[in-house]
Each structure stands twice: as C-alpha cells, then as structure tokens.
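The values are calculated or read from the model by the stated rules, or taken from the named source; none is laboratory data. What you see is a predicted model, and the numbers here were worked out from it, not measured in a lab. A quick note on method: Cβ atoms are made from the backbone with ideal geometry, for glycine too, and the neighbour counts reach across all protein chains shown. These area figures cover heavy atoms from the full protein model, side chains too; ligands, DNA and RNA do not enter into them. Shrake-Rupley method; radii C 1.70, N 1.55, O 1.52, S 1.80 Å.
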Amino acid sequence: MIRYLLAAPALAMVLASAPAVAADATLQKIVAGEHRTAANKARDRWRNPVETLTFWGLKPRQTVVELSPGGGYWTEILAPYAKATGGTYITTGADLANPTLSPQAKAGREAFEKRFGDAAVYGKVTVVNFGPQAGPLGAPNSADLVFTSRNVHNFLYQEGMLDKVLKDAFAVLKPGGVLGVEEHRSDPRPETAGHTDGYVSEKTVIAAAQKAGFRLAERSDINANPKDTKDHPFGVWTLPPTRQSAARGQPANPQFERAKYEAIGESDRMTLRFVKPR
C-alpha cells in the first residue's frame, strides 16, 4: 500500500491522471536470474526488489547510485539491469584516498569489485570512494536515482555523516531526481538512545532529508512487517538475516530461542521516496 502525502484535491488529480505502472519485464527477469545467489533470492520475500525499485521509479537508461551496498544484494540486480537497458550503475566503497583506511576495509572493497567484475554479467560497475572525508559521488546533476537500503542507522553512528551523505546525494542528483530510502523503522515506539538497536523513526529520516533540500514525495508499506515487535534482545540483528544470539564479540548461544525470531522474519522497514526540486 502506498500512502500519498498530498492534499485531497492534489491526490485525486494524481490518481486520475497517472497511468498504471507497467511491470518491468527486464527487471523481473533479472530478479529471477540464475546469476543471483540462492541466499539473496531467499530474501526476496522480505526485500521485495521489484516492488521497491518500481516505487522509487527505476527506469531503463537511468544513472543509479547505491550508497553502501553491503554484500551486494542490490548490485546483483541493478548492475545487470543497467547493462541490459543502457543505464549506469554506480556504488560506493571504502575511501581509498583516506590515509588511515584499514587493511580490512581496503580488502573488503577489493573483494566486492572482484565479485562483480564479470562484465559479461554485470557490465561496468563503478565504485566511488565513500566516507566522512570522501569527495563527491559524481558530477553534479548527473544521477537519476540515488538510494540507500538499511544504512541510515549506520550513518547516524558517525557525527555529521548522515548530513554529508544526504548533501552529497542532493548534489549528484539531477533536478527532479529521486532519493530512495529503506530503513528499519522504530515507529510507533520511540527511538533508542544512539539508535543502538538499529531502528530509526520516519521523523528522523524525513527531517534529515528535508534539511538537505529534498521534498518527501511518497511513503510506502511495501517493506512493512507488522510481526516485528522491535523489542529484541540484540536489536534488529536478532532477526534474520543476521540472527545474532549473544552479545557482540561473544560466541553464538546454541540455547537461544531462535524459532520465535524466525517466525517474525526480517524487520519492519519504512520505504520513502524523496525528490530533488526542479
């Protein structure tokens, strides 16, 4: 269900004039593709890739920038999609210009680039430096869509990082371009101090994006999970796919009551679409 944040007359106009969004056959084919890992495919029921990307307005020939790709769940989809549709996929990696960058971070970037280095499958995957001191994400006004999935809590852990990320996203987007955000949602309960459980309120995300100059266009419950009680012993990481069962740094607890959290599934998440004003 999509919740439009528009006054009633404006909403009626949108609903009356907007054509139904046709299913993107290329996107659907890539999501079903054999190149994707079984583990990532198994998560599609929770991550809803076709619906989420459609909500954010993904189209052929776009330049798409993903912030903090993690293990590459979205890279498996968007890099082949860009290759197939004449688009460009850009993502971020450890800041190689940072003289204090750890060997582990550098190795992680190298492993990511190697994994997605098969141009026959993924086309050209461009990785740009990302971090507190990193430069721009690309040329100003060059991207159609910038998105980040389940990363806002990480940005909040570093003072000023969320503001920098959103400022850089605003700069690289074309006027009218889209910022997509998916994040573990704390609502309706208050956020925890320091967001130590991984959940963030919609209010926090919206305020930060608006501060950077974005306009909130739409909210969606595509990735909502009403079973998520958000009171887990190890925060959102108690749930799949992390399945944490002991304090960080401690070995997994074989006696942990895992079935309860498997029944919940992955977290309840907000899915937001912002627009850079023209």
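Within segment 220-233, the set of residues being assigned to a loop (DSSP other than H, G, I, E, B) and open to solvent by less than 50 Å² (accessible area, probe 1.4 Å) comprises Asp221, Ile222, Asn223, Ala224, Asn225, Asp228, Lys230, His232.
One line per residue, one yes/no per condition, for (1) open to solvent by 20 Å² or more (accessible area, probe 1.4 Å); (2) part of a strand (DSSP E or B); (3) in contact (Cβ under 8 Å) with a residue 12 or more places away in the chain; (4) touching a Pro at 6+ places or on another chain (Cβ under 7 Å):
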| residue | (1), (2), (3), (4) |
| --- | --- |
| Leu53 | no, no, yes, no |
| Pro60 | yes, no, yes, no |
| Glu66 | no, yes, yes, no |
| Tyr89 | no, yes, yes, no |
| Pro99 | yes, no, no, no |
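Against the test of being at pLDDT 95 or above, out of contact with any Lys or Arg (no Cβ under 9 Å at 6 or more places or on another chain), within 19 Å of Ala212 (Cβ to Cβ) and open to solvent by less than 50 Å² (accessible area, probe 1.4 Å), the options Phe130, Phe155 yield a single qualifying residue, Phe130.
Might you let me know whether segment 72-86 holds any residue that is crowded, with 19+ Cβ neighbours inside 10 Å, part of a strand (DSSP E or B) and charged (D, E, K, R)? Checked segment 72-86: no residue is crowded, with 19+ Cβ neighbours inside 10 Å, part of a strand (DSSP E or B) and charged (D, E, K, R). Once segment 176-217 is narrowed to residues that are more than 16 Å from the chain's Cα centre (by Cα) and among the charged types (D, E, K, R), the residue that is most open to solvent (accessible area, probe 1.4 Å) is Lys203.
Among the residues of segment 101-145, the ones that are polar (S, T, N, Q), over 22 Å from Gly177 (Cα atoms) and either touching a strand residue (DSSP E or B) at 6+ places or on another chain (Cβ under 6 Å) or not in a loop (DSSP other than H, G, I, E, B) (or both) come to 1 in all. Quick one: in segment 235-260, which of the residues that are in contact (Cβ under 8 Å) with a residue 24 or more places away in the chain and open to solvent by 20 Å² or more (accessible area, probe 1.4 Å) is nearest to Glu191 (Cα to Cα)? Once the filter is applied, the top-ranked residue is Trp237.
Consider Ala39 carefully, then state whether it is under 26 Å from Asn154 (Cβ atoms), assigned to a helix (DSSP H, G or I) and open to solvent by 30 Å² or more (accessible area, probe 1.4 Å).
Judged against the criteria, Ala39 is a match.
Determine which member of the set Asp163, Asp168 is assigned to a helix (DSSP H, G or I), open to solvent by 10 Å² or more (accessible area, probe 1.4 Å) and in contact with a Leu (Cβ under 7 Å, 6 or more places away or on another chain). Asp168 is the lone residue from the list that is assigned to a helix (DSSP H, G or I), open to solvent by 10 Å² or more (accessible area, probe 1.4 Å) and in contact with a Leu (Cβ under 7 Å, 6 or more places away or on another chain).
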